[in-house]
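Q: Before anything else, here's the structure in question.
Any read-out appearing in this document is the output of simple, stated calculations on the displayed coordinates, not a laboratory observation. Everything numeric here is computed off the predicted structure, so don't read it as measured data. Here the Cβ positions follow ideal geometry from the backbone for every residue, glycine too, while neighbour counts run over all protein chains shown.
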Amino acid sequence: MAVALLIQFALADQIILKNGDKLTGTITKSDTKDLIVKTEFAGEVTVQWPAIQEITSSQALHLGLKNGKTVSGVVKTAGGNFEVQTVGTGSVTVPRDEITSLRDDAEEAVYDKQIHPKLTRGWVGGANVGFALTGGNSETENLAIAFTADRKTAKDHISLYANSVFAKNNAPGATPATTAQATQGGARYDRNFGARMFSFAGADFQTDQLQSLDLRSVFSGGLGVHAIKSERTTLDLLDGLNYTRENYSTLQRDLVAITVGEELMHKLGASTVLTEKLYAYPDLNEPGEYRAAFNLGTVTKLSKWLGWQNAFGDIYVTNPPLGKKTNDLQLTTGLNISFSR
C-alpha cells in the first residue's frame, strides 16, 4: 500500500500554496489568473495563480510566453522561475512574469485547433431578407437580400459579403417599370503581423442597372492597423492601392486609385451590434475624381439565430456616365438569420 501511494504521488503534479497548503492532481491549464487542477476525489479545483508558491509537474506542460513562443517539458519552480526540462534543448529557465499561459497536452491540442482551425471551421455570419408587395391602387414588388460570413483566427481574417436590391412598379404605364436593381459582392483576406498591424487583399464587384453599370471590379491591397481592439469595440484603419475596371453600357474605363478607409464595430448593449464602413478611392489617373462608399447597419438579436437588421448604404461617383446621378442610396430592413460553424 505504501509503495502504491508513493507511485501515485510521484506520478501526480504537485502545487504548494503560499499559505503552506499542498494540492496533488493533474494540471490542465492556466491563464496566469487561475490554475485548474484535476484531483482524484475533489474533481476540478481552481487555484488563484498569485497564491501559488511552487509547482512540480510529472507530465510535460506547454508554457506560452509573452514573445509568442512556447516552451514544453516537465516543469519545476525554483527561486521564482520555472525550470523546464525540454526534450530538444535540455533545461530552460523561464521567469514567472514572462508566462502568459500553461496547458497540458490535451488542452494544447484544443488550443492549437482554435488558432489553426480547418478552413470549414470558425465561420459566423447571417442572411438578411426583406420583402414588400402592394396591390390595388399601387402594384409594386420590393426584395432585399444580403449575406455575410466571417472567419477569424489569431493570425488572419476572411470576410465575404453579398447584397442585392430589386424593386419593380407593375402599375400600367409606369416608367421605368424597374425602379431598383443593384447587386454587390466581395471578399477580403487580412493577415496579422504583430498585435496591431495587418495586411489585406480584397476583391469587390458591383452591378447597377439604373446607373447603366454592367460590372465594376475592384482589386485592392494594402496595410491596416487595429486602432481599437476590445471585446465591445473594434476600429480598423486601412490604406493601400486598388485597380478598378468599370464597364458601363456606354463606356469602359480602367483606373488606378488609392484606397483609404475605416471600419467600426460596436456592441450596443447585450443584443445589438452596430457596424459602419467608410471608404474613399481617389483616382490617380484623373486628379480630382474619386469614388466613395459608406455603409451603416445594425443587427438586434431576437433569439439565438433570429434577429432584425437595418442597413443604409451610399455609393458616390464624381464622374458617372452622362445623364446619370452621382449618388446611389440603399435603405433596407428585415429579418436576419445567423449561423456559426
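Q: If I fit a long axis through the Cα atoms of helix 105-115 and take the longest principal axis of the Cα atoms of the chain, what angle between them do I get, 0 to 90°, rounded to 10?
A: 20 degrees
Q: Please list 3J(HN,Hα) in residue order for segment 22-30, calculated via the Karplus relation 6.51 cos²θ - 1.76 cosθ + 1.60 where θ = phi - 60°; whole Hz, with x for glycine and proline.
A: After applying 6.51 cos²θ - 1.76 cosθ + 1.60, I find 10, 9, 10, x, 10, 6, 9, 6, 7 Hz.
Q: Quick one: divide the alpha-carbon radius of gyration of the chain by 2.2 N^0.38 Å and tell me what you get.
A: Details: Rg = 28.4 Å, N = 341, 2.2 N^0.38 = 20.2 Å.
Dividing the Cα Rg of the chain by 2.2 N^0.38 Å gives 1.41.
Q: If Lys and Arg each add +1 and Asp and Glu each add -1, what is the summed charge of the other residues whose beta carbon sits under 11 Å from the beta carbon of residue 224? Each step should come with its number before you reach the end.
A: Working: positive: 188, 191, 196; negative: 190, 236, 239, 262, 263.
In short, -2.
Q: Starting from the amide H of residue 61, placed 1.01 Å from N in the peptide plane, find each other amide H under 5 Å away whose residue is 5 or more places distant or on another chain.
A: Long-range HN contacts for residue 61: 73, 74, 75.
Q: Consider just the alpha-carbon atoms of segment 106-163 and return their Rg together with their Dmax, both in angstrom.
A: Rg then Dmax for segment 106-163, in Å: 19.7, 68.
Q: Same structure again: Can you tell which of 120, 163, 110 lies farthest toward the positive end of the dipole of segment 101-169, using +1 and -1 charges on the Cβ of basic and acidic side chains (Lys, Arg; Asp, Glu)?
A: Final value for the positive-end residue is 163.
Q: Rounded to the nearest 0.05, what FRET efficiency do residue 189 and residue 48 give with R0 = 41 Å and r taken as the Cβ-Cβ distance? Could you check?
A: Details: r = 41 Å, r/R0 = 0.99.
The value I calculate is 0.50.
Q: Shifting gears a bit: Using only alpha-carbon positions, what ratio does the radius of gyration of segment 37-128 give when scaled by 2.2 N^0.38 Å?
A: Working: Rg = 16.5 Å, N = 92, 2.2 N^0.38 = 12.3 Å.
Normalised Cα radius of gyration, segment 37-128: 1.34.
Q: Tell me, what is the FRET efficiency for residue 16 and residue 121 to the nearest 0.05, using R0 = 51 angstrom and their Cβ-Cβ distance as r? Kindly include the intermediate steps, with their values, before the conclusion.
A: Numbers: r = 40 Å, r/R0 = 0.78.
The calculated FRET efficiency here is 0.80.
Q: Per residue of segment 127-137, what does 6.51 cos²θ - 1.76 cosθ + 1.60 with θ = phi - 60° give for ³J(HN,Hα)? Whole Hz please, x for Gly and Pro, Karplus curve as stated.
A: 10, 10, 9, x, 9, 9, 9, 10, x, x, 5
Q: Could I get the Rg over Rh figure for segment 93-251? Both from C-alpha atoms, Rh via Kirkwood, rounded to two places. Don't skip to the end; give the middle numbers.
A: Working: Rg = 22.8 Å, Rh = 19.8 Å.
For segment 93-251, the value is 1.15.
Q: Right, next: Based on a Kirkwood Rh over C-alpha pairs, give the Stokes-Einstein translational diffusion coefficient of segment 7-86 at 4 °C and viscosity 1.567 mPa s in µm²/s.
A: Details: Rh = 13.0 Å.
Estimated diffusion coefficient is 100 µm²/s.
Q: Tell me which residues come under 5 Å, amide H to amide H, from residue 32 once H is placed; ignore anything under 5 positions away on its chain.
A: Placed amide hydrogens put 102 under 5 Å from residue 32.
Q: If R₀ is 22 angstrom, what is the calculated FRET efficiency for the pair residue 40 and residue 109, using the beta carbon separation as r and rounding to 0.05? Before the final figure, lay out each step's value.
A: Values: r = 23 Å, r/R0 = 1.05.
It comes to 0.45.
Q: Continuing with the same structure: Over 32 Å between C-alpha atoms is what I'm after, so list which of 76/113; 118/277; 66/118; 18/66; 22/155 land there. Don't skip to the end; give the middle numbers.
A: Values: 76/113 27 Å; 118/277 29 Å; 66/118 26 Å; 18/66 25 Å; 22/155 39 Å.
In this structure, 22/155 lie more than 32 Å apart at Cα.
Q: Can you compute the modelled spin-label distance between residue 274 and residue 97, with each label point 7 Å from Cα toward Cβ, in nm?
A: 4.0 nm
Q: Further question: Amide H neighbours of residue 318 under 5 Å, counting only residues 5+ apart in sequence or on other chains, H built in-plane at 1.01 Å?
A: Correct list: 290.
Q: What percentage of all Cα-Cα pairs in segment 233-341 are separated by more than 24 Å? Before the final figure, lay out each step's value.
A: Values: 2386 of 5886 pairs.
Pairs farther apart than 24 Å: 41 percent.
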